[in-house]
Amino acid sequence: MQRERLERVAGGSASSSIQIILPDGWQVRSSAERRGRSEFLVTDVSRAVFVVAKDLRSTQVKVGDFEVEIALNSSWHFSDTEASRMVEEILVAYKGIFGTMPSRSAQLAILRPPVERAPDFWEAETRGNTIIIISSDTAFSDRSQQRLHEQLRHELFHLWLPNGVRLTGEYAWFYEGFALYSSLKLAVKVRRIRFQDLLETLSRAYAIDSRQNPRTPLIGLSQQIAGPPNTQTYARGLLIAFLVDLELMRSSSGSSDSASLMRSIFREFKDRDKPVDANEALMSIHILRNAAQRFVFGSEAIDLVKELNGTGVEAVQGSGHTKLSVKSKLNGREQKILDGLGYNSWRGSPRVQKR
């Protein structure tokens, strides 16, 4: 790969003309503008991604005017058509949450690692409007499809948050936490997992968060640890998203929830002329300020028994662990909150498989 020119463009981002020369049989995919057989113009190098692999094949998915080009290599225990259907299903669901698409187009690459890895290996990243998933395949078709759907739910979310808004700073507690939580709720809604699977995931997150000793604010923790968000950020971020969703439904009698909140944030910060500090912006929203002051900037422990009061979900203390479950007796308000969480969505569907 040869970089031929680097310059500054309006707004301070770097532009580059890049030429990529590949051996026979290799191909390249990129969101950059193609200027010739092997040359690309990159208007923002901080978001530029080039996918280089052998034997790439492509398919397209359209949702309205939004188009995703999907590049795959190798063979999988799911078909290209099945992968396309998953992408379409998830995009339609997230469009319903955010009210609009994040941009005009996106690119998705689903690739096998260059060196054979264990069946449970995978990693993914969303940069700009490009998603790359590098993954081994599992031995069974149902598990392979289930894992791909999980990967897609999380990474496609990031096209909206944080990549679709003009927010800056360290706020992974918000966009990673809400990505995990939204992925779980969507999985229940489309009957990929059971409602009990959602509660078990939240129980594991609570166990991870409760083990931190001494307890550290998430902002301070993220500044101490270089690199991508850590397990603690994911776990507590997921719990915060869950508690915010519950409080929104509880205070509005079910007319508002986390989807309403994310839609409002996306609409507010999508087309800003200048970037806005994320944590300052989020602190202007009362319900997020309350949660963040306690659990993100502060070191208060999350008391699930107290936080779940009146929601229809209860935290049962066991020997060395806390398990979330649905209460045996529910009033009308609690039933409405459970319906908002997707409690009845998964019943009676053959698609749901125990994980």
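Here's the yes/no breakdown for (1) exposed (fewer than 15 other Cβ atoms within 10 Å of the Cβ); (2) at pLDDT below 95:
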{"position": "D273", "(1), (2)": "yes, yes"}
{"position": "D277", "(1), (2)": "yes, no"}
{"position": "E280", "(1), (2)": "yes, no"}
{"position": "S284", "(1), (2)": "yes, no"}
{"position": "T311", "(1), (2)": "no, no"}
{"position": "N344", "(1), (2)": "yes, yes"}
{"position": "P350", "(1), (2)": "yes, yes"}
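As for segment 171-185, it holds at least one residue that is part of a loop (DSSP other than H, G, I, E, B) and over 24 Å from Y343 (Cα atoms).
If I ask for residues that are within 21 Å of V49 (Cα to Cα), of a type outside the set (G, A, S) and open to solvent by less than 90 Å² (accessible area, probe 1.4 Å), which ones from segment 108-124 would you list? L108, I110, L111, R112, P113 - these are the residues of segment 108-124 that are within 21 Å of V49 (Cα to Cα), of a type outside the set (G, A, S) and open to solvent by less than 90 Å² (accessible area, probe 1.4 Å).
Identify the residue in segment 179-202 that is within 18 Å of Q232 (Cβ to Cβ) and touching a residue at least 40 places away in the same chain (Cβ under 8 Å) and, among all such residues, is surrounded by the fewest Cβ atoms within 10 Å (Cβ to Cβ). Outline the logic, then answer.
Going through segment 179-202, the residues within 18 Å of Q232 (Cβ to Cβ) turn out to be 179-181, 201-202.
Subset that is touching a residue at least 40 places away in the same chain (Cβ under 8 Å): 180-181, 202.
Working: L180: 23, Y181: 25, L202: 25.
Per the criteria, the residue is L180.
For the structure I just gave you, tell me whether Y206 is open to solvent by 10 Å² or more (accessible area, probe 1.4 Å), hydroxyl-bearing (S, T, Y), under 15 Å from S299 (Cα atoms) and at pLDDT 95 or above. Criteria met by Y206. In the set (1) polar (S, T, N, Q); (2) open to solvent by less than 60 Å² (accessible area, probe 1.4 Å); (3) in contact (Cβ under 8 Å) with a residue 24 or more places away in the chain, the condition left unmet by S260 is number (3). Against the list (1) part of a strand (DSSP E or B); (2) out of contact with any His (no Cβ under 8 Å at 6 or more places or on another chain); (3) among the aliphatic types (A, V, I, L, M), the condition V188 fails is (1). Taking segment 164-178 as the range and being acidic (D, E) and either within 12 Å of the chain's Cα centre (by Cα) or open to solvent by less than 10 Å² (accessible area, probe 1.4 Å) (or both) as the test, only E176 passes. Taking the criterion of being open to solvent by 20 Å² or more (accessible area, probe 1.4 Å) and either free of Cβ contacts under 8 Å to residues at least 60 places away in the same chain or part of a helix (DSSP H, G or I) (or both), the residues of segment 148-163 that qualify are E150, H154.
Taken over segment 1-31, the criterion of being among the hydrophobic types (A, V, I, L, M, F, W, C) and modelled with pLDDT of 85 or more is satisfied by I18, I20, I21, L22, W26, V28. If you filter segment 316-335 down to residues that are more than 26 Å from the chain's Cα centre (by Cα) and under 24 Å from L186 (Cα atoms), you find that the one that is surrounded by the most Cβ atoms within 10 Å (Cβ to Cβ) is E334. Only residues in segment 273-286 that are under 16 Å from G177 (Cβ atoms) count as the first member; pair them with residues that are open to solvent by less than 20 Å² (accessible area, probe 1.4 Å) and among the small types (G, A, S), Cβ under 8 angstrom, at least 6 apart or cross-chain, and list the lot. So the pair list comes out as N279/A292; L282/A292; M283/A292.
All conditions in (1) within 23 Å of V190 (Cα to Cα); (2) among the hydroxyl-bearing types (S, T, Y); (3) at pLDDT below 95 hold for S144, with the sole exception of (3). Selection of helices (runs of 4 or more DSSP H) fully inside segment 247-355 by the criterion of at least 2 residues being among the hydrophobic types (A, V, I, L, M, F, W, C) and within 22 Å of I97 (Cα to Cα) returns 258-269, 278-283, 286-295, 332-341.
The values are calculated or read from the model by the stated rules, or taken from the named source; none is laboratory data. Since we're looking at a predicted model, the values are computed, not measured. Neighbour counts run over all protein chains shown; Cβ positions are idealised from the backbone, glycine included. Only protein heavy atoms, including side chains, enter the accessible area calculation; ligands, DNA and RNA are left aside. Shrake-Rupley method; radii C 1.70, N 1.55, O 1.52, S 1.80 Å.
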